[in-house]
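**Q** Okay, here's the structure, questions in a sec.
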């Protein structure tokens with residue numbers, strides 16, 4: 001099979017490619033694409049081409065990530081009243097310090113997202129995948145001086161619910177250093193919530209037709225993440241993610257992504273403003289990055 005890459009494809013280090021036959025689609029993989037050849041570049045990525053080449057020769061990659069995310073607003077379908085759920089008067093912090101297997105390495109390095117202008121079907125955990133091993137970064141303090149709490153359900157995971165709001169939209173973290181990771185400081189910008197302009201009109205998504213999502217302009221440099229989720233009859237979960245530049249104002253989720261979703265009346269669609277590429281370094285890590293995520297979620301049907 002010969003695959004020809006269209007000249008107008010958006011460049012990046014994680015550009016998705018999928019094979020479609022009728023209404024049947026394959027899993028998605030990614031390719032690095034650069035205009036005229038050479039090394040790829042991806043502004044949202046915490047690593048550059050030189051780091052990618054270096055890590056490609058390793059059996060494992062050690063990394064740290066810090067996420068600041070906000071309230072999720074549910075606009076439910078039908079006559080169910082719209083409600084906002086907020087368990088805290090500020091931001092929630094999540095940190096993950098792990099050593100990832102090579103098979104999942106690309107997913108971790110990209111921050112779990114494709115390049116802007118592209119979509120991916122998210123990987124599902126199967127019995128033949130080696131899960132990440134947790135790393136010990138020591139105590140992690142938020143700006144209020146409160147320590148993050150180890151998450152027993154996630155190796156190397158930490159969380160905190162902090163009522164201290166940042167006046168400048170930047171949340172700062174300090175790590176004392178532990179057995180596996182040295183001391184570090186990190187700063188994460190929390191983006192303003194996206195104004196999802198066609199939210200109310202998206203109720204039933206025709207998987208074979210694609211779905212356009214529109215929003216108002218966001219803070220310069222902010223990306224928009226679009227994530228869909230739906231449960232299968234067997235109890236599994238199928239999900240996809242698309243990324244677009246905030247300045248674009250709209251993005252169409254293509255049929256070749258939506259056809260991977262099961263037909264169900266009980267799905268979700270989440271549109272988030274995202275701030276990427278806020279790197280930090282520490283001994284013991286190949287790379288570290290922070291990002292902010294401010295989502296809006298609603299119930300949808302995938303048909």
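**Q** Output yes when any residue across the stretch 69-88 is under 27 Å from residue 270 (Cα atoms) and modelled with pLDDT of 75 or more, and no when none is.
**A** Of the stretch 69-88, the ones under 27 Å from residue 270 (Cα atoms) are 69-88.
Those left that are additionally modelled with pLDDT of 75 or more: 69.
Yes, the stretch 69-88 contains at least one residue that is under 27 Å from residue 270 (Cα atoms) and modelled with pLDDT of 75 or more.
**Q** Which of the residues belonging to the stretch 226-240 are within 15 Å of the chain's Cα centre (by Cα), surrounded by fewer than 21 Cβ atoms within 10 Å (Cβ to Cβ) and either without any contact (Cβ under 8 Å) to a residue 60 or more places away in the chain or within 22 Å of residue 189 (Cβ to Cβ) (or both)?
**A** Across the stretch 226-240, the qualifying residues are 227, 229.
**Q** Just checking, does the stretch 173-180 include any residue being assigned to a loop (DSSP other than H, G, I, E, B), modelled with pLDDT of 80 or more, surrounded by 14 or more Cβ atoms within 10 Å (Cβ to Cβ) and in contact with a helix residue (DSSP H, G or I) (Cβ under 9 Å, 6 or more places away or on another chain)? Explain how you work it out, then say what you get.
**A** To start, the set of residues in the stretch 173-180 that are assigned to a loop (DSSP other than H, G, I, E, B) comprises 176-180.
Now restrict to residues that are modelled with pLDDT of 80 or more: 176-180.
From what's left, surrounded by 14 or more Cβ atoms within 10 Å (Cβ to Cβ): 176-178, 180.
This time we only want the ones that are in contact with a helix residue (DSSP H, G or I) (Cβ under 9 Å, 6 or more places away or on another chain), so: none.
No, the stretch 173-180 has no match at all.
**Q** If you don't mind, another one. Here is a list of conditions, (1) in contact with a helix residue (DSSP H, G or I) (Cβ under 9 Å, 6 or more places away or on another chain); (2) outside any strand (DSSP E or B), and residue 296 meets all of them except one; can you say which number that is?
**A** Only one criterion is unmet by residue 296, namely (2).
**Q** Sticking with this structure for a sec: Within the stretch 199-220, track down each residue that is closer than 30 Å to residue 278 by Cα and in contact with a strand residue (DSSP E or B) (Cβ under 7 Å, 6 or more places away or on another chain). Spell out how you get there, then give the answer.
**A** Restricting attention to the stretch 199-220, the residues satisfying the condition of being closer than 30 Å to residue 278 by Cα are 199, 212-220.
Once the filter is applied, which keeps residues that are closer than 30 Å to residue 278 by Cα and in contact with a strand residue (DSSP E or B) (Cβ under 7 Å, 6 or more places away or on another chain), the stretch 199-220 yields 199, 212, 213, 214, 215, 218.
**Q** Kindly indicate whether residue 280 is at negative phi and either surrounded by fewer than 16 Cβ atoms within 10 Å (Cβ to Cβ) or more than 16 Å from the chain's Cα centre (by Cα) (or both).
**A** Working: at negative phi: yes; either surrounded by fewer than 16 Cβ atoms within 10 Å (Cβ to Cβ) or more than 16 Å from the chain's Cα centre (by Cα) (or both): yes.
Spelling it out, residue 280 is indeed at negative phi and either surrounded by fewer than 16 Cβ atoms within 10 Å (Cβ to Cβ) or more than 16 Å from the chain's Cα centre (by Cα) (or both).
**Q** While we're looking at this one, here's another question. Looking at the stretch 260-275, is at least one residue closer than 25 Å to residue 51 by Cα and either part of a strand (DSSP E or B) or in contact with a helix residue (DSSP H, G or I) (Cβ under 9 Å, 6 or more places away or on another chain) (or both)? Steps first, answer last, please.
**A** Our first condition is that a residue be closer than 25 Å to residue 51 by Cα; within the stretch 260-275, this holds for 274-275.
Narrowing the set further to residues that are either part of a strand (DSSP E or B) or in contact with a helix residue (DSSP H, G or I) (Cβ under 9 Å, 6 or more places away or on another chain) (or both) leaves 274-275.
Among the residues of the stretch 260-275, at least one is closer than 25 Å to residue 51 by Cα and either part of a strand (DSSP E or B) or in contact with a helix residue (DSSP H, G or I) (Cβ under 9 Å, 6 or more places away or on another chain) (or both), which makes the answer yes.
**Q** Sticking with this one: Out of (1) touching a strand residue (DSSP E or B) at 6+ places or on another chain (Cβ under 7 Å); (2) under 24 Å from residue 70 (Cα atoms), the odd one out for residue 248 is which?
**A** With (1) touching a strand residue (DSSP E or B) at 6+ places or on another chain (Cβ under 7 Å); (2) under 24 Å from residue 70 (Cα atoms) applied to residue 248, the lone miss is (1).
**Q** Also: Which one of 1, 55, 51 is exposed (fewer than 12 other Cβ atoms within 10 Å of the Cβ) and either modelled with pLDDT under 70 or assigned to a helix (DSSP H, G or I) (or both)?
**A** Values: 55 fails: exposed (fewer than 12 other Cβ atoms within 10 Å of the Cβ); 51 fails: exposed (fewer than 12 other Cβ atoms within 10 Å of the Cβ).
From the options 1, 55, 51, the qualifying one is 1.
**Q** Pick from the stretch 232-259 the residues that are at pLDDT 90 or above and part of a loop (DSSP other than H, G, I, E, B): which of them is farthest from residue 209 (Cα to Cα)?
**A** 249
**Q** Considering every residue within the stretch 29-43, establish whether at least one is over 30 Å from residue 141 (Cβ atoms), modelled with pLDDT of 75 or more, touching a helix residue (DSSP H, G or I) at 6+ places or on another chain (Cβ under 9 Å) and not in a loop (DSSP other than H, G, I, E, B).
**A** Checking the stretch 29-43: at least one residue is over 30 Å from residue 141 (Cβ atoms), modelled with pLDDT of 75 or more, touching a helix residue (DSSP H, G or I) at 6+ places or on another chain (Cβ under 9 Å) and not in a loop (DSSP other than H, G, I, E, B).
The values are calculated or read from the model by the stated rules, or taken from the named source; none is laboratory data. Here the structure is a predicted model, which is why all the values come from computation and not from measurement. Because the Cβ atoms are built from the backbone with ideal geometry, glycine has one as well, and the counts that use them run over all protein chains shown.
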